[in-house]
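> Sharing a structure, written as structure tokens. Questions coming.
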Amino acid sequence: VLGAVSCTFFLAANSLYSSSDDVIELTPTNFNKEVIQSDSLWLVEFYAPWCGHCQRLTPEWKKAATALKGVVKVGAVDADKHQSLGGQYGVRGFPTIKIFGSNKNKAEDYQGGRTSEAIVDAALSTLRSLVKDRLSGRSGGYSSGKQSSRESGGGDKKDVIELTDDSFDKNVVNSDDVWLVEFYAPWCGHCKNLEPEWAAAATEVKEQTKGKVKLAAVDATVNQMLASRYGIRGFPTIKIFQKGEDPVDYDGGRTRSDIVARALDLFSESAPQPELLEIIDENIVKSTCDAHQLCVIAVLPHILDTGAAGRNSYLEVMLKMADKYKKKMWGWLWTEAGAQSELENSLGIGGFGYPAMAAVNARKMKFALLKGSFSEQGINEFLRELSFGRGSTAPVGGGGFPKINTVEPWDGKDGEQGIDFSSHILEQRYKHWCSKTLLAVPQLPVEDDIDLSDVDLEDWDKDEL
């Protein structure tokens, strides 16, 4: 019995991952072919089977691997068994996670959270940077032996703001924005290594935060008043400045992806809640959707179906989700059922199933439709899938946004129970009534004047009308 127990323990201790997992087991035999010679982005965990932290990370690592399958490679090395491979990459503790980007010979240390969501976010941020480098013609990663742009006067640091004793307070201390400031010395080797990462991160952060988080640099050998004021004792030193708060030291990683991830976290913490706008004219749709990667549009039930309390409950759910995902910088819009019928039809909503929601990419003119419940949980699952680049999409009907009607904004009150006989309202309420009763909706003629003399209004449900 003891032998059986010992054998079982031995097997369990050496099987954190199996062939059925999406985590790729790496060894000295296959590491070079799978990772080093690959064009893919790799996240590799170096672990020891007996390590408690590794065991706790295992389910999160597996979930991340499944979420990233086909997008980013996720591997694992038993560094207790393959000590030579761990030693090659300077592994001193477990678990150690390395990111192998475009320069496979210089892996980056992952220093983010140990949850599947944090791992996936970091992977996607690194992947985005790698793709942008390829698009711009840069090889990405590191470029050892290249002259520093601070020395050569190159333009790679165009989005890094150079600060001095004279300009610091005006730009940083009195600013409403978040600042990450690097204090460097031109002769410092570590500063030279950081410089291309800092420059690349500055460009990405500027783009993703619309300039609300800024990366700057101070030559501490020239601007000694600032260096003394903030107690700079070594180089490089990075400090975070936020309005109304004392500066704090940045203690994260020194790679582009690490810097960007921290900057986006700071932006998320300080950013105001996104606006939730009612679609009352074409300009609101165009300005909102053109300015954001995704535009989340909700079509809420008619005010006569919910009253003010019911509508506000839907809007509260949307506001909570907008705040939760404010880091994504999406646009948020809503309209009432029937008010923008052409927009509904172009997004596959078309007069029924309210409340409904679609997320639109205005650049590609594609949309994804919420298929779950219009609740915090249902919307969160929908948006989470979108944030990972998953979920089915379809082209916007007609290949572009349809005509948007100009309507009066909601006054925040319950709807009036009286009958509006205007041709547009009559047509929309008639269609709404027909869709509820599962009848085919005939096209109601729309004329300047509608003769209702032959209509017996006593036979109609006035609320439905």
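The values are calculated or read from the model by the stated rules, or taken from the named source; none is laboratory data. None of these values were measured; they are calculated from a predicted model. Here Cβ is always computed from backbone atoms with ideal geometry, including for glycine, and neighbour counts include all displayed protein chains. Note: areas computed on protein heavy atoms with side chains; ligands, DNA, RNA excluded. Shrake-Rupley method; radii C 1.70, N 1.55, O 1.52, S 1.80 Å.
> Pull out the extension gain between VAL71 and CYS51, defined as 0.36 nm times the separation in residues minus the alpha carbon to alpha carbon distance; nm, one decimal.
4.3 nm
> Then there's this: Ignoring ligands, DNA and RNA, how do LYS81, LYS210 rank by accessible area with a 1.4 Å probe, largest first? Present the calculation step by step, with values, prior to reporting the outcome.
Working: LYS81 150, LYS210 125 Å².
From most exposed to least exposed: LYS81, LYS210.
> Can you spot the lysines whose alpha carbon is less than 22 Å from LYS286's alpha carbon? Ignore those fewer than 8 places along the same chain.
LYS210, LYS326, LYS327, LYS328, LYS364, LYS366, LYS403
> Taking only the alpha-carbon positions of the stretch 36-99 and ignoring solvent, what does the Debye formula give for the base-10 log of I(q)/I(0) at q = 0.27 Å⁻¹?
Debye intensities relative to I(0), on a log10 scale: -1.19.
> Need the C-alpha centroid separation for the stretch 265-328 versus the stretch 188-243, integer Å.
35 Å
> Length gain on complete extension for the stretch ASP323 to ASN30, per 0.36 nm per residue less the alpha carbon to alpha carbon distance?
Numbers: separation 293, 0.36 × 293 = 105.48 nm, distance 4.45 nm.
That pair, ASP323 and ASN30, stretches by 101.0 nm at full extension.
> How big is the antiparallel share of DSSP beta bridges in the stretch 277-395, given as a percent to the nearest 5? The partial results should precede the final answer.
Values: 11 of 19 bridges.
So the antiparallel bridges amount to about 60 percent of the total.
> Excluding residues fewer than 8 places away in the same chain, name every one of the lysines whose C-alpha is closer than 19 Å to that of LYS98.
List returned: LYS33, LYS62, LYS63, LYS69, LYS73, LYS81, LYS106.
> If you don't mind, there's one more thing I want to ask. Could you give the length gained by full extension between ARG229 and MET365, i.e. 0.36 nm per residue of separation minus their alpha carbon distance, to one decimal place? Let's see the in-between values first.
On the way: separation 136, 0.36 × 136 = 48.96 nm, distance 5.17 nm.
Fully extending the segment from ARG229 to MET365 adds 43.8 nm.
> Here's another thing I want to ask about it. From the P(r) of the stretch 161-270, could you give the percentage of C-alpha pairs in the tail past 19 Å?
38 percent
> Another question, if that's okay. Evaluate the distance, in nm, between pseudo-label points positioned 7 Å from the Cα of GLU408 and of ASN103 along their respective Cα→Cβ axes.
The modelled label-to-label distance comes out at 6.4 nm.
> Next question, about the same structure. Once phi is turned into θ = phi - 60°, what whole-Hz ³J(HN,Hα) does the Karplus curve with 6.51, -1.76 and 1.60 give for every residue of the stretch 361-371, x standing for Gly and Pro?
9, 5, 6, 9, 6, 10, 9, 10, 10, 5, 10
> Something else about it: With a point put 7 Å past each Cα toward its Cβ, work out how far ARG134 is from HIS190 in nm, to one decimal.
For ARG134 paired with HIS190, the spin-label model returns 3.4 nm.
> For the pair GLU275 and GLU416, what calculated FRET efficiency results from E = 1/(1 + (r/R0)^6), where r is the Cβ-Cβ distance and R0 = 30 Å, to the nearest 0.05?
Working: r = 27 Å, r/R0 = 0.91.
The value I calculate is 0.65.
> Still on this structure, please answer the following. Starting from the Kirkwood Rh over alpha-carbon pairs, what translational D in µm² s⁻¹ does the stretch 12-69 have by Stokes-Einstein at 10 °C and 1.306 mPa s? If you can, show how the numbers build up before the last one.
Numbers: Rh = 12.4 Å.
Using the Kirkwood radius from Cα pairs, D works out to 128 µm²/s.
> At 1.4 Å probe size, with the rest of the protein present, what percent of the exposed accessible area of the stretch 24-136 is carbon and sulfur atoms? The partial results should precede the final answer.
Numbers: 2610 of 5360 Å².
The computed percentage sits at 49.
> For the stretch 216-340, restrict the atom set to alpha-carbon positions and state the Rg and Dmax in Å.
21.8, 69
> How many Å³ per residue does the convex hull of the Cα positions in the stretch 24-136 occupy?
Details: hull volume 10.5 nm³, N = 113.
For the stretch 24-136, the hull spanned by Cα atoms encloses 93 Å³ per residue.
> Taking the radius of gyration and the Kirkwood hydrodynamic radius from Cα positions alone, what is the Rg/Rh ratio for the stretch 277-395, to two decimal places?
Details: Rg = 13.1 Å, Rh = 14.3 Å.
Taking Rg over the Kirkwood Rh, I get 0.92.
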